[in-house]
Amino acid sequence: MKSSFLYKQFETAIEQLNPTQNPLCVALSGGVDSVVLLHLCATLRSSHPEIALSAVYINHGLSEHASDWLQFCQALCERLAVPFQSQRVVIEHKPRHSIEAQARELRYQALDQMADTDALLVLGQHADDQLETFLLRLKRGSGLLGLGGMKATTQLANGRRCIRPLLTCSREEIEFFAQHYTLSHIEDESNQQDQYDRNYLRNQIIPLLKSRFKGLLSSTTRSIQLLQQQQQLIDEITDEDLQFCLHRKATDDCIDLAKLAKRSVLRQKNVIRAWLSHQQVAMPSLAQLEQILTQSFHSKIDAQLKIDLQSGSVRRHRGLLYWVQTQTASIEHKDIGLSNIVLNTTAILSVNYGAGIRMPFSDEVVSVKFGRAKDKIRPYAKPGRNTLKHWLKDAGVPVWQRDHIPLIYYNDVLVQVVGYYFNHDFKVSCDGVFWEKCNDK
């Protein structure tokens, strides 16, 4: 196998995609692509025993033959002395969600769970898969990023790296390799069902295109590589623009609208997309993107701008754009004494001693409350007494954050606005107590 052209292509790709020689975990389905990929990886291991190899089979439960495929994959791994695992996933049929897309998402989640922590997921997609992806995205009206198709290396949301060492190899080369070395594999009967768009392209359209246009696969592959290079250049420019427009606060990465206004509209859109992507937010639609820019620059300065997206909203405050995740209402706690309090899954309210407010008297009940904007307090070193709303506005606290600031009461008296103010009448320089909100529970 080492002398074959396919192996040499594979070996060159692996050297580029895995220079640090991380363990390899093959996504094994039993089809010809993944079977050939597993044999190539096993051959590589014979020359590089320091590279650990394993395989995982994911049973989607979509075929009555899935258990037979599992047994085939397990037996294959036993013959090749490759550690093997399998996992069953359950696909819930959701309206307006394709089964293929749901299966793919669950497959990646399961592969990530089963693979060793530092392993690379090795996927068997090849050049013909890339051509199919290109045509499907062309049909959907995708832009440059979408038409760039699959990349040789990608990352899951948690940072797990996935590599595709066969992405420049054709299906014909892979099938010839399997035939030449008499590698048995399974045939998924669903691949012949042309009601699926990808299968229709694979079985009906692409063979016609290849017969009419010689070299279609290689020329399309070159075009996709050019698109990826152009996208990479755009990404570099976008990242520079993003760094220029960011205004880093203690807890937030905000967009400075005055700086954003210095960029062209197209670059403004790229900055917003990149900013939201860094927050791990699903990309907004074109209409939502237009709405963000229009309202950010043209709505009244004192308007409470709020544009809802899937998991939160874009807000504006004093010339800055914030990404605000959807939060549940904070729960009040009565009679907490001097104990730490769990506020939510990520934060606690801790008690500290020293300069702060005086210790509570025995007849004073200590409570933590939220959102009491009309309650009044005279902050230490501030002139006069006024509402909490007034003081938080004076401190520049955005509206959406105010209801989540813990307020400490002795009986019915507001004595501390956690993170901001102490009550002037209760302030002491020593032998006192104060509360802090910690975001690492």
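All of the numbers you see were taken from the coordinates with simple rules; none came from a lab. Just so it is clear, the structure is predicted and the values come from calculations on it, not from any experiment. Quick reminder, even Gly has a Cβ in these numbers, built from the backbone with ideal geometry, and neighbours come from all protein chains shown.
Summarising the label geometry, the points placed 7 Å from Cα in the beta-carbon direction at residue 318 and residue 232 lie 4.2 nm from one another. Residue-wise HN-Hα couplings along the stretch 350-361, as the Karplus relation 6.51 cos²θ - 1.76 cosθ + 1.60 with θ = phi - 60° gives them from phi, are 9, 9, 10, 10, x, 5, x, 10, 5, 5, x, 6 Hz; Gly and Pro carry x.
Counted residue by residue at 0.36 nm each, then reduced by the alpha carbon distance between them, the extension gain from residue 311 to residue 153 reaches 54.1 nm.
Backbone geometry of the stretch 142-150 corresponds, through the Karplus equation with coefficients 6.51, -1.76 and 1.60 at θ = phi - 60°, to 3J(HN,Hα) couplings of 5, x, 4, 4, x, 5, x, x, 7 Hz, x marking Gly and Pro. Inter-part distance, the stretch 49-75 to the stretch 209-241, computed on C-alpha centroids, equals 33 Å.
Rounded to the nearest 0.05, the FRET efficiency derived from the C-beta distance between residue 399 and residue 243 at R0 = 25 Å is 0.35. Here the gap between residue 117 and residue 89, fully extended at 0.36 nm per residue and compared with their Cα-Cα distance, gives a gain of 8.0 nm.
Counting charges near residue 305 (Lys, Arg +1; Asp, Glu -1) among other residues having Cβ under 12 Å from its Cβ returns a value of +3.
Computing FRET efficiency as 1/(1 + (r/R0)^6) for residue 79 and residue 346, where r is the C-beta to C-beta distance and R0 is 60 Å, gives about 0.80. Near residue 330: Cβ cut-off under 13 Å, other residues only, Lys/Arg at +1 and Asp/Glu at -1. The net charge is +2. Rounded to the nearest 10 degrees, what's the angle between the helix 66-80 long axis and the longest principal axis of the chain, both from Cα atoms, 0 to 90? So the helix axis and the longest Cα principal axis differ by about 80 degrees.
Could you tell me which of rounded, prolate or oblate describes the stretch 323-441, using a ≥ b ≥ c as the square roots of the eigenvalues of the alpha-carbon gyration tensor, with rounded for a/c under 1.5 and, failing that, prolate when a/b is larger than b/c and oblate otherwise? Oblate, since a/c reaches 1.5 and b/c is not below a/b. Less than 5 angstrom separates the built amide H of residue 312 from those of 326, all sequence-distant by 5 or more or on a different chain. In this structure, the pairs whose alpha-carbon distance is over 22 Å, taken from 262/300; 369/427; 249/306; 249/369, are 249/369. Cross-link partners of residue 139 among aspartates and glutamates, defined as those whose alpha carbon lies under 16 angstrom from its own and excluding same-chain residues fewer than eight positions apart: 129, 197. Backbone geometry of the stretch 109-118 corresponds, through the Karplus equation with coefficients 6.51, -1.76 and 1.60 at θ = phi - 60°, to 3J(HN,Hα) couplings of 4, 5, 4, 5, 5, 7, 6, 4, 4, 9 Hz, x marking Gly and Pro. Compute a Gaussian network model of the chain, connecting alpha carbons closer than 10 Å, and tell me which residue from 170, 54, 367 fluctuates the most. Between 170, 54, 367, it is 367 that shows the largest mean-square fluctuation.
Centre-to-centre separation between the Cα atoms of the stretch 295-341 and those of the stretch 243-293: 17 Å.
Within the set [x] 0.95; [y] 0.98; [z] 1.10, the number that Rg/Rh (Cα atoms, Kirkwood Rh) takes when calculated for this structure is listed as [z]. Stretching residue 20 away from residue 258 to a fully extended chain increases their span by 81.4 nm, per 0.36 nm per residue minus the current alpha-carbon distance. Judged by the gyration tensor of its Cα atoms, with axes a ≥ b ≥ c, the stretch 402-441 is oblate; a/c meets the 1.5 cut and b/c is at least as large as a/b. Along the axis of the charge dipole computed for the chain (Cβ charges of +1 for Lys and Arg, -1 for Asp and Glu, origin at the Cα centre), the listed residues 20, 74, 43 are led at the positive end by 20.
For the stretch 373-441, the square roots a ≥ b ≥ c of the C-alpha gyration tensor eigenvalues yield an a/c of 1.5 or more together with a/b not exceeding b/c, which makes the shape oblate. Between residue 361 and residue 385, the C-beta separation translates, for a Förster distance of 30 Å, into a calculated FRET efficiency of about 0.85. Label separation (residue 46 vs residue 212): 4.4 nm, computed from points 7 Å beyond Cα along the C-beta direction. Between the helical axis of 265-278 and the longest alpha-carbon principal axis of the chain there is an angle of about 90 degrees.
What relative contact order, as a whole-number percentage, does the stretch 123-219 give when Cα pairs under 8 Å and 6 or more residues apart are counted? Reported as a whole number, the value is 31 percent. With the simple model of a label 7 Å out from the Cα in the direction of the Cβ, residue 195 to residue 375 spans 6.1 nm.
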